[in-house]
Amino acid sequence: MRKQILTAAVLTGCGWTTTAPAVDVGSDTTVGGRVYFDVSHISLQNEDASGVSHDVPPTGTGFDVKRFYLIVDHKFNDIWSANLTTDAQFSTAATAQAATPTGGTTTVLTNGNTSGGVSEVYIKKLYVQGKFDDAFVLRIGSADLPWLPYLENLYGYRYVEKLPLDRFGLGTTTDWGLNVNGKSGVFDYSASVVNGGGYKNPTRTKDVDFEGRVGVKPIAWLTLAAGVYSGHLGQINASNESFPSNTATRFDFLAAVNYEGLRLGVEYLNAKNFKTVNKLSASVYGTSAIVTATGTVPVSDKTEGVTGWASYSFAGQWSVFGRYDQVKLSKDVASSLKDTYFNVGMSYKPIKALDFALVYKNEKVDNGSASISGGNAGGSYTIGGADGLHSGKFDEIGLYAQWTF
């Protein structure tokens, strides 16, 4: 439920005086939000060059508020409306201890903040919408991209864990540009032309990227869909347009079931030139494969994987769930580099606005290392060994929660 009174609180909090006039937002404006938070214990162990495992951050027990979305919707008339969604997180000048090729560990930054602890606020969505028909909805600004939000809605447990595309930087949820979407009968579609850098980076680019999706529900409980992405991820501009470059392409296929409390789903992903390894001898995954700063020819690489999930709701408020991912991170450069992840848990929904889930997570990166988004509120963490022969292992058990209002 969204509460109009929150708008008055937000506007009052922005004022400089102790007395503020009453704010009447009217019946055409609603304010709501969503919060992801958890308390858990993490154990992350990475192997050095001699095969000895070391505890590294974020090993330990703690509380995280991973995301806080504030959502404002306004309806101008029966066709035109607008949405503003902010994304907030606490970010530290985060470091991690990564295993080195010679043994031992080295400290590395795991996010872009170098100034200490700060609260970061982003514009996640900011768009004007024209709904001319159920089959034709136009959005201008930063809006949902066709694939990942669609997938998250079918999955249903985003507050527990991001999906592989998001975890490995192979896709994002929103971007700046134009989107058209709609549905007619058993078919739905969405197509976006965007800058390519994601919602945190509205920088003008030389060319635009494209993402699209088509879906079909041949029967009420079955969804089949396919998606495609092509572009330069916001990395080609006037200063480097003459450099050698690759084009990032991605193909996704999905089948999902939602029948009387049972949810099943599987996604296949094939992403080319989003990322590659930055050092072949150590098989460290995470370097851009689009363009290099020196103008040398960038390495072409491919990531391929599958994720599957299952959940069953019983006794009204209770559910059991699980998920399994297997991703070959660098098929063309470091073909043995692989990530395997699973989680299992039980969730409880005491009221409409709250979800709680007791979860166990396990992840392993073999034959190298990878930086993975989502281990804590501040950014990413590195799982893996000191070189292309060793591995790392991540375990977590905790209570996860989602509050919507």
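The values are calculated or read from the model by the stated rules, or taken from the named source; none is laboratory data. This one's a predicted model, so the numbers in the text were calculated from it and none came from an experiment. For neighbour counting, all protein chains shown are included, and Cβ atoms are generated from backbone atoms with ideal geometry for every residue, glycine included. Note: areas computed on protein heavy atoms with side chains; ligands, DNA, RNA excluded. Shrake-Rupley method; radii C 1.70, N 1.55, O 1.52, S 1.80 Å.
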Original post:
If we keep just the residues of segment 265-281 that are part of a loop (DSSP other than H, G, I, E, B) and open to solvent by less than 50 Å² (accessible area, probe 1.4 Å), which is nearest to Asp332 (Cα to Cα)?
Top reply: Asn273
Original post:
When you scan segment 313-335, how many residues do you find that are open to solvent by 60 Å² or more (accessible area, probe 1.4 Å) and among the small types (Gly, Ala, Ser)?
Top reply: 3
Subject >> Meets criteria (touching an Asp or Glu at 6+ places or on another chain (Cβ under 9 Å), part of a strand (DSSP E or B), at pLDDT below 95 and more than 30 Å from Asp366 (Cα to Cα)) for Phe63 >> reply: no
**OP:** Would you tally the residues in segment 299-338 being in contact (Cβ under 8 Å) with a residue 60 or more places away in the chain and part of a strand (DSSP E or B)?
**Re:** 9
**OP:** Would you check if Leu358 is surrounded by fewer than 21 Cβ atoms within 10 Å (Cβ to Cβ), part of a loop (DSSP other than H, G, I, E, B) and hydrophobic (A, V, I, L, M, F, W, C)?
**Re:** no
Original post:
Which of the following residues is at pLDDT below 70 and open to solvent by less than 30 Å² (accessible area, probe 1.4 Å): Thr106, Thr100?
Top reply: Thr100
Original post:
Hey, among Asp387, Asp339, which residue is farther than 27 Å from Val121 by Cα and over 20 Å from the mean Cα position of the chain (by Cα)?
Top reply: Asp387
**OP:** Filter segment 361-376 down to the residues that are under 21 Å from Gly62 (Cα atoms) and open to solvent by 10 Å² or more (accessible area, probe 1.4 Å), then identify the one that is modelled with the lowest pLDDT.
**Re:** Asn376
Original post:
Say we look at segment 46-60 and pick out the residues that are assigned to a strand (DSSP E or B) and touching a residue at least 60 places away in the same chain (Cβ under 8 Å); which of these is nearest to Ala401 (Cα to Cα)?
Top reply: Asn46
Original post:
For segment 150-186, what are the residues that are exposed (fewer than 15 other Cβ atoms within 10 Å of the Cβ), touching a residue at least 12 places away in the same chain (Cβ under 8 Å) and not in a strand (DSSP E or B)?
Top reply: Val186
**OP:** Among the candidates Lys200, Lys206, single out the residue that is farther than 20 Å from Val128 by Cβ, modelled with pLDDT under 95 and either among the hydrophobic types (A, V, I, L, M, F, W, C) or out of contact with any strand residue (DSSP E or B) (no Cβ under 9 Å at 6 or more places or on another chain) (or both).
**Re:** Lys206
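Can you confirm whether Gly379 is at pLDDT below 95 and not charged (D, E, K, R)?
yes
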**OP:** Restrict the check to segment 200-210 and report whether at least one residue is within 30 Å of Leu354 (Cβ to Cβ) and under 20 Å from the mean Cα position of the chain (by Cα).
**Re:** yes
Original post:
Would you say Val284 is β-branched (Val, Ile, Thr) and open to solvent by 50 Å² or more (accessible area, probe 1.4 Å)?
Top reply: no
**OP:** Please verify whether segment 298-308 includes one or more residues that are within 17 Å of the chain's Cα centre (by Cα), of a type outside the set (Val, Ile, Thr) and over 30 Å from Gly345 (Cα atoms).
**Re:** no
**OP:** Give the residue that is farthest from Ser283 (Cα to Cα), with candidates limited to residues of segment 381-401 that are assigned to a strand (DSSP E or B) and open to solvent by 30 Å² or more (accessible area, probe 1.4 Å).
**Re:** Leu399
**OP:** Keeping to segment 187-196, report how many residues are part of a loop (DSSP other than H, G, I, E, B) and open to solvent by 30 Å² or more (accessible area, probe 1.4 Å).
**Re:** 1
Subject >> Test: Thr296 is of a type outside the set (D, E, K, R), outside any strand (DSSP E or B) and open to solvent by 10 Å² or more (accessible area, probe 1.4 Å) >> reply: yes
